[in-house]
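Reviewing the structure listed below.
The values are calculated or read from the model by the stated rules, or taken from the named source; none is laboratory data. In this text the structure is predicted, and so the values were computed from the model without any measurement. Ideal geometry is used to build each Cβ from the backbone, glycine not excepted, and the neighbour counts take in all protein chains shown. Just so you know, the surface numbers come from the protein's heavy atoms only, side chains and all, with ligands and any DNA or RNA stripped out. Shrake-Rupley method; radii C 1.70, N 1.55, O 1.52, S 1.80 Å.
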Amino acid sequence: MAIHIKHLMSRVLAATILLLTFCAAQAVTAGPGAWSVQQTWAADSVNGGNLTGYFYWPASQPTLGGKRALVLVLHGCLQTAGGDVINTGDGGFNWKAAADQYGAVILAPNATGNVYNNHCWDYANTTHTRSAAGHDAILLDLVGRFVNDPQLAIDPNQVYVTGLSSGGGETMVLGCLAPDIFAGVGINAGPPPGTTTLQIGVVPSGYTAATAGNKCKAMAGANAGAFATQIAGVVWGTMDFTVAQGYGPIDAAGIRLAYGGSYTKGAAVAVAGGGSNIPYTDSNGKVRTHEITVKDMGHAWPAGSGGQNANYVDGTRVNYPAFVMDFWFKNNLRASATPGPAMTSCGSTVVSGSGVTISGAGTASGGVASYGVLLNGPSAINDNAAGSGASFSKTYNLASGYYTGSVTATDTLGQVSTGCPLAQFLVGTAPVLQPPTGLAAGTPTASSVPLSWNAVSGASGYNVYRNGAKLTASPLAATGYTAGGLAAATTYSFAVSAVGASGESALSAAINVATTSAWTCNTVNASNYAHVQAGRAHDSGGYALANGSNQNMGLDNLFFSSVLAQTAAGYYVIGACP
């Protein structure tokens with residue numbers, strides 16, 4: 001009994017003394033600084049198979065507005081994301097350095113199905129819509145998944161797309177179809193909308209920039225207004241005899257026609273690596289498009305030093321990732337160049353039985369326009385006008401119970417800082433309910449974690465918290481919950497509280513749980529005949545082609561051997577797992 005009274009007195013005392021906590025400014029979450037393992041994102045009911053690929057999450061901080069850019073990179077025909085875009089042995093398309101410099105997330109998906117029999121993107125479709133299945137819809141869905149993942153801190157105003165060949169054609173399609181989503185595009189040797197696969201090598205008679213521009217505006221539909229703040233560039237080699245070089249100027253001029261207004265052609269400027277760039281500015285003096293020709297480069301992605309130099313990738317000339325990122329970041333018409341605000345401290349002070357003062361300080365160019373206070377507890381608070389200036393302090397009268405929350409700062413441009421978390425605090429008398437014990441995780445998947453805990457006497461329900469934020473809209477009756485919508489290969493912190501007539505208990509001891517990889521790659525070294533018999537490849541005219549990627553492994557017999565990596569269900573590529 002003496003022990004119980006002593007414990008109760010200490011809880012009451014804790015509610016009447018100063019409870020002041022401070023947190024350092026929270027930087028954007030640092031990533032692993034490495035390409036992910038093979039991911040599986042969505043099914044393609046039109047072209048077949050699942051959308052697979054990789055993403056790069058840099059450890060560096062973003063350089064524009066305090067949030068990360070997202071770049072969708074599309075390979076060309078006869079290429080793969082694993083073998084060419086991210087090739088870890090020699091840099092592939094050479095995106096890592098640019099991603100690290102700007103703190104940007106890079107997406108490298110594999111084209112689903114076997115479009116045009118060469119693992120292409122379906123840019124030449126006669127119908128492009130945002131909602132129908134096929135490459136357009138699954139790529140827009142993929143971008144949405146990453147933009148809506150709060151831990152990545154992607155700025156919707158800094159989403160870009162670029163690609164080579166069929167990936168360049170699909171880049172233009174996506175830029176036209178969704179100008180509200182893509183702030184910038186970078187087309188590399190891409191045939192424009194309305195051309196067929198038989199017209200890759202020559203511009204068809206009668207096809208002009210006006211043709212491309214009209215088709216582009218038609219695809220945008222109700223979203224055409226977003227063209228006013230989009231920027232675009234094109235690049236091609238002077239020795240490219242696969243995709244007609246004439247498509248480069250047509251792509252750029254067609255996009256300018258879609259943008260509307262008048263433009264001034266600038267003087268050609270040399271680009272390191274044998275390139276020559278021509279910028280075009282609009283009537284406001286803003287650079288809107290660029291056109292780069294790369295001397296003596298064939299049909300290839302210009303990766304520059306650090307990239308691979310094989311299979312339609314040229315590592316000896318222009319570093320296009322470095323150039324186009326500089327172009328996008330310097331000329332973005334949607335994202336502010338002013339750094340976003342930052343919280344430098346925040347805290348909670350219990351000043352009476354029901355009064356709690358929330359305070360904080362922040363910095364911003366032009367000053368902090370407003371502070372926001374979010375409290376989870378018996379009295380939910382979502383106050384976006386808690387104060388302004390260098391610091392603030394505001395008192396709230398709250399019902400008894402435990403609270404968690406965060407404080408944010410908003411600058412004069414409307415940019416919002418990352419949240420400064422408030423340590424859990426108690427208002428009034430502690431609820432009789434004890435926090436749950438025995439919180440444990442079952443077997444996690446790539447996107448979910450099953451949780452369970454022990455029942456608490458007197459509890460009518462339970463709330464689940466992930467990384468300090470409440471997941472449950474209303475208390476759960478059961479002592480188990482599956483947290484879904486998680487990112488693969490990511491660690492999350494979970495805690496649980498009990499809810500009853502006396503209020504909500506304190507949080508349980510937290511547990512950290514890591515989700516699994518989306519796919520475990522497997523490598524098999526065998527004869528081509530054995531691969532075909534085992535269903536890893538199929539025969540076509542006496543040759544063995546890897547299932548999924550359709551890469552040619554050589555003759556289908558016992559005397560030719562290949563190493564195949566299964567990077568997704570039913571999908572194989574030549575070579576070892578990345």
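Laid out as a table, the results:
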item: Leading residue by the ranking (farthest from residue 85 (Cα to Cα)) among those in segment 281-290 that are surrounded by fewer than 23 Cβ atoms within 10 Å (Cβ to Cβ) and touching a residue at least 12 places away in the same chain (Cβ under 8 Å); result: 283
item: Which listed residue, of 540, 508, 549, is open to solvent by 50 Å² or more (accessible area, probe 1.4 Å) and of a type in the set (S, T, N, Q); result: 540
item: Filter result for the condition that a residue is touching a residue at least 24 places away in the same chain (Cβ under 8 Å), over 23 Å from residue 200 (Cβ atoms) and open to solvent by less than 10 Å² (accessible area, probe 1.4 Å), over 304, 260, 273; result: 304
item: Number of the condition not met by residue 528 [criteria: (1) in contact with a Leu (Cβ under 8 Å, 6 or more places away or on another chain); (2) touching a residue at least 60 places away in the same chain (Cβ under 8 Å); (3) open to solvent by less than 60 Å² (accessible area, probe 1.4 Å)]; result: (2)
item: Of all residues making up segment 435-453, the number that are farther than 26 Å from residue 358 by Cα, assigned to a loop (DSSP other than H, G, I, E, B) and more than 29 Å from the chain's Cα centre (by Cα); result: 5
item: Residue that is nearest to residue 40 (Cα to Cα) [pool: residues in segment 550-568 that are in contact (Cβ under 8 Å) with a residue 40 or more places away in the chain and in contact with a Phe, Trp or Tyr (Cβ under 6 Å, 6 or more places away or on another chain)]; result: 568
item: Residue match in segment 190-212 (condition: surrounded by fewer than 24 Cβ atoms within 10 Å (Cβ to Cβ), in a helix (DSSP H, G or I) and within 26 Å of the chain's Cα centre (by Cα)); result: no
item: Verdict on residue 564 being touching a helix residue (DSSP H, G or I) at 6+ places or on another chain (Cβ under 8 Å), farther than 21 Å from residue 450 by Cα, among the hydrophobic types (A, V, I, L, M, F, W, C) and not in a strand (DSSP E or B); result: no
item: Sole exception among (1) open to solvent by 40 Å² or more (accessible area, probe 1.4 Å); (2) assigned to a helix (DSSP H, G or I) for residue 89, by number; result: (2)
item: Close pairs (6 angstrom Cβ cut-off, 6 or more residues apart or separate chains): closer than 13 Å to residue 48 by Cα in segment 99-119, of a type in the set (Val, Ile, Thr) and open to solvent by less than 10 Å² (accessible area, probe 1.4 Å) anywhere; result: 110/52; 110/80
item: Within segment 321-340, considering residues that are assigned to a loop (DSSP other than H, G, I, E, B) and either out of contact with any Ser or Thr (no Cβ under 8 Å at 6 or more places or on another chain) or of a type in the set (D, E, K, R) (or both), the one most open to solvent (accessible area, probe 1.4 Å); result: 337
item: Where a residue in segment 45-59 is farther than 16 Å from residue 139 by Cβ and at pLDDT 90 or above and its partner, wherever it lies, is open to solvent by less than 30 Å² (accessible area, probe 1.4 Å) and part of a strand (DSSP E or B), with Cβ under 7 Å and at least six apart; result: 56/105; 56/106; 57/105
item: Positions within segment 92-125 being of a type in the set (A, V, I, L, M, F, W, C), open to solvent by 10 Å² or more (accessible area, probe 1.4 Å) and in a loop (DSSP other than H, G, I, E, B), in sequence order; result: 124
item: For residue 438: the one exception among (1) free of Cβ contacts under 8 Å to residues at least 40 places away in the same chain; (2) at negative phi; (3) open to solvent by 30 Å² or more (accessible area, probe 1.4 Å); result: (2)
item: Pairs with Cβ under 6 Å, 6+ apart, first in segment 390-415 and part of a strand (DSSP E or B), second polar (S, T, N, Q) and modelled with pLDDT of 90 or more; result: 393/357; 393/359; 395/357; 410/370
item: Residue check for residue 153: under 17 Å from residue 29 (Cα atoms), surrounded by 15 or more Cβ atoms within 10 Å (Cβ to Cβ) and touching a Pro at 6+ places or on another chain (Cβ under 8 Å); result: yes
item: Residue tally, condition open to solvent by 20 Å² or more (accessible area, probe 1.4 Å) and either without any contact (Cβ under 8 Å) to a residue 24 or more places away in the chain or not in a strand (DSSP E or B) (or both), over segment 60-79; result: 7
item: Residue check for residue 10: among the hydroxyl-bearing types (Ser, Thr, Tyr), surrounded by fewer than 18 Cβ atoms within 10 Å (Cβ to Cβ) and either modelled with pLDDT of 85 or more or not in a loop (DSSP other than H, G, I, E, B) (or both); result: yes
item: Which numbered condition residue 509 misses (of (1) farther than 26 Å from residue 374 by Cα; (2) among the aliphatic types (A, V, I, L, M); (3) in a loop (DSSP other than H, G, I, E, B)); result: (1)
item: Unmet requirement for residue 146, which otherwise passes all of (1) closer than 22 Å to residue 325 by Cα; (2) modelled with pLDDT of 95 or more; (3) open to solvent by 10 Å² or more (accessible area, probe 1.4 Å); result: (2)
item: Options 457, 497: the member that is at pLDDT 85 or above and open to solvent by 40 Å² or more (accessible area, probe 1.4 Å); result: 457
item: Selection status of residue 479, at pLDDT below 90 and crowded, with 16+ Cβ neighbours inside 10 Å; result: no
item: Candidate set from segment 454-492 (those that are of a type in the set (S, T, N, Q) and assigned to a loop (DSSP other than H, G, I, E, B)); member that is farthest from residue 147 (Cα to Cα); result: 457
